[in-house]
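Read the figures in this text as sums done on the coordinates, not as results from a lab. Quantities reported herein were computed from a predicted structural model and do not represent experimental measurements. Don't worry about glycine lacking a Cβ; one is built from the backbone with ideal geometry, like all the others, and counts go over all protein chains shown.
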Amino acid sequence: MKKLFALILLLFALSTSLRAQHTVEGIVLDDETGAPMVSATVQLPEINRAVVTNRSGRFTFNNISEGSYKIRISFVGHKTISREIRVPDDTGEILEFVLEEELLQSEELIVTASPIGSAVRYQPAQSLNIEEIQRKNASSIGELLNNEPGISMRYLGPATSRPVIRGFDGERILILQNGERMGDLSGTSADHGIAMEPLSAEKVEVVRGPASLLYGTNALGGVVNIFTEEIPRNWSQGLSGDLSLQGLSMNASGAGLTNITYGLEDWAFTGRFSYRDGGSVRTPLRRIPGTFNENLTAGFGTGFRKESVQGGASFNFQDQTFGIPEALDEPDEQIEVQADRKNIQSYLEWFINGFIEDIEWRFSGTRFSQQEVELEFENGELAEREIGLDFLQYTVSSTLTLKHRSVGIFNEGAFGLNTNLRFLDVGGEEAFTPDGNSQFVALFAFEEVPLSETFKLQAGSRVEYQNISEDSNELFPDAGQSRDKVIFSGSFGINYRPVQFLELGAQFARTQRLPSFEELFADGPHVALGTFDIGNPDLENEKSNGVDAFARIQNGRLNLELSGFYNKINDFIFRRLTGGTDQESGFPVVELTAGDAELYGGEAFASYAATDRLSLEGSLDYVRGSRGSVPLPFMPPLSGKIGARYNTHDWWLGADLQLVDEQDRVAPNEDPTDGYELLGLEAGYRFDMQGRHILSLKIDNLFNVTYREHLSRIEDRNFPMPARSIGVTYRWIF
């Protein structure tokens, strides 16, 4: 009774702290063309609120109390502007802001890096906006992010490609959709793809280095957060949206997508539909059979904003069929994967004029099923069809975040609750794990301390309860083990700007990763990978102590960023080829084992504006991973890229030369790969006919070089990476 009475008093105190709230709306335009600017960062520094502009260049701040505010708007390659506004005098109309071009790069808002939405960085991060996503002409999220600073690509065909950040792969990289876990199986194995159509992404953010304090286990190496617009958060009244069409010659694929938003004053409704169909990948030698991809996605949602509350919900589904290139020496055999994902997302945000100023709750629930089907053909006709593996997974993910106002030495901060539930059923003739479930619940806290105008500190902590257990199924009737853990993680970051053009940052973090279900309990042939996997239920949590540091110079025509990292990981889990062969399946035996490991390296990126239109770019990535004196498997080689771009308001031209060193520092029983050089070209045109139209062209591997990507999981070395590819994408934003 006392607890109930205290809760009633708390709710009463919060409700009495509410005041009249107002809405500030505006549009950001380019000075020369008058075109709306998508993904510009708009900030209200006094109350630490920030948003990005939508497809129409519009932004909205809801629930703003009466008073004077400075509104600050920035966009890469344009002058940052500030203007004072008064509430409610400047409400009830669309405020117009015009940005002029400038060589100095502007800071951007990356919300994935911090729960308080601060533009101050403590570790390396980057983002791609909607136009940059189009210019990549990618058919998967892995291809989209490949060759970004610190990022390479795990490859088993286009449908299954996945980002690798600083040598971390699989369950150590967390893929999010709108801040919550996607609930697919892409992290568990190289034959599983990310259940996301890249054309549907409005923005993609990448945080390099541990982000486990906010997102929990599986974020030890970094986070990729994909933002979509099924739930509208920032809309203007009337009809808006975009239409995209894409074609790629590499696998004769075509794709189309349409997004529609209809906004009222307090409500908005969205709909999305996309379809992609591609054949097998063409290489300079021959096609890789079993690399086709067919993908249908659709979704709809709604959002609302009422006084001090806003929120929304969405439903989306994906139906995908793709091939796995494993039966390459048996032309009459094929492995086909059929995946189905249904997802519900929602959020609710409450703005309060008190010590707690913002309460946000996010929820995501996913049903994901996947069948790996073995097909046999005779004389071109299907003779036999057998379900080798059948997965059915339910995932629930939720985050409650409370942001508070300044108190004492703490400028701003947040604390909250993060939960995740996973239930997995495994069937099929070749199931290699029992059924199982896992869950965690965690409390986290972040605080930022400004010691001066130029020096800031951030501290974070997380305490998490984890449980994972196996359940019996047809092939594992005796399964029943379980384990419980309580883990503590923490981080400490600094940001120092001694002068306007120089920013220094560093983060020290201790994080842990729970072994995956497959790493603990696997025992059988994994047909799609062509291995016989043996898990280890005695594996301990991976424990990482790491440091990230970066220096960024933005001075006139020069933009330079250097970053480095070091991770010492105890009980690092890896796949060890034993050298033996399973007699029944004929597959090589792989054991999941652990040992202490070190990973270190860094990235360098530089751009120089030779003229107002011509820019030169260069980057360099290096990763070294070891377990004692033994190299870790599948470490990306030293790589670099140099490029040039000529960009006007109407069109652009560009060229990139990718340079990849040989990788002969390999784990036992791992094949080395040779170095290679690839030249790519791109061009595009922006034109307007009652809307914004963008046409882009990209040519990869211009000289049709035969090469092998070291992170390719295609076992047959006679099949290289894709041949010359021409990609064309058209997008109409209205």
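Annotations for the structure displayed:
- On Cα atoms only, tilt of 2-16 relative to the major axis of the chain in degrees: 50 degrees
- Proximity of backbone amide H atoms, modeled 1.01 Å from N, is registered between residue 428 and 390 at under 5 Å, excluding neighbours fewer than 5 places apart on the same chain.
- Ratio of the Cα radius of gyration of segment 16-203 to 2.2 N^0.38 Å, where N counts its residues: 1.19
- Percent of C-alpha pairs per 5 Å bin in segment 458-504, short distances first: 5, 14, 12, 10, 10, 9, 8, 8, 7, 6, 5, 4, 3, 0.
- Local electrostatic count, residue 47, Cβ distance below 10 Å [Lys/Arg +1, Asp/Glu -1]: -2
- Remark: the residue 315-residue 300 segment gains 4.8 nm on full extension, using 0.36 nm per residue and subtracting the alpha carbon distance.
- Estimated distance in nm for a label pair at residue 551 and residue 646, the labels positioned 7 Å out from Cα along Cα-to-Cβ: 3.5 nm
- At 0.692 mPa s and 37 °C, Stokes diffusion of segment 325-458 via Kirkwood alpha-carbon radius, µm² per second: 170 µm²/s
- Near residue 67: Cβ cut-off under 10 Å, other residues only, Lys/Arg at +1 and Asp/Glu at -1. The net charge is -1.
- Scattering profile of segment 299-375 at q = 0.24 Å⁻¹ [log10 I(q)/I(0), Debye over alpha-carbon scatterers]: -1.03
- The chain: calculated mean residue ellipticity at 222 nm from DSSP helix runs of at least 4, using -39500 (n - 2.57): -1000 deg cm²/dmol
- Put the Cα centre of segment 303-337 next to the Cα centre of segment 152-215 and the gap is 13 Å.
- Taking θ as phi - 60° and the Karplus parameters 6.51, -1.76 and 1.60, the scalar couplings of segment 490-495 work out to x, 8, 9, x, 10, 9 Hz in sequence order, x denoting glycine and proline.
- Rotationally averaged projected area of segment 243-382 (alpha carbon convex hull; nm²): 12.2 nm²
- Cα convex hull, segment 186-299: 138 Å³ per residue, rounded to a whole number.
- Principal axis box of segment 377-435, alpha-carbon based, largest edge first, Å: 77, 27, 14
- DSSP-defined antiparallel bridges as percent of all bridges, the chain, nearest 5: 95 percent
- Among 280-292, 573-585, the order from most to least packed when residues are scored by Cβ within 10 Å on average: 280-292, 573-585
- Kirkwood Rh and Cα Rg combined as Rg over Rh, evaluated for segment 383-530: 1.18
- Derived scalar couplings between HN and Hα for segment 658-670 equal 9, 10, 10, 7, 5, 10, 10, 9, 10, 6, x, 6, 9 Hz in order, rounded to whole Hz, by the Karplus curve 6.51 cos²θ - 1.76 cosθ + 1.60 (θ = phi - 60°), x for Gly and Pro.
- Kirkwood hydrodynamic radius of the chain, from the reciprocal of the average inverse Cα-Cα distance over all distinct pairs: 26.7 Å.
- Qualifying aspartates and glutamates (Cα of each under 12 Å from Cα of residue 79; at least 8 residues distant if same chain): 30, 31, 100, 101, 102, 107
- Members of 641/698; 203/306; 342/485; 136/641 lying beyond 21 Å, as alpha-carbon distances in this model show: 203/306; 342/485
- Applying a DSSP loop filter and a limit of 13 other Cβ atoms within 10 Å to the GluC sites (Glu not before Pro) in segment 213-298 leaves 265.
- Segment 433-478-segment 231-262 distance, computed between alpha-carbon centres (Å): 34 Å
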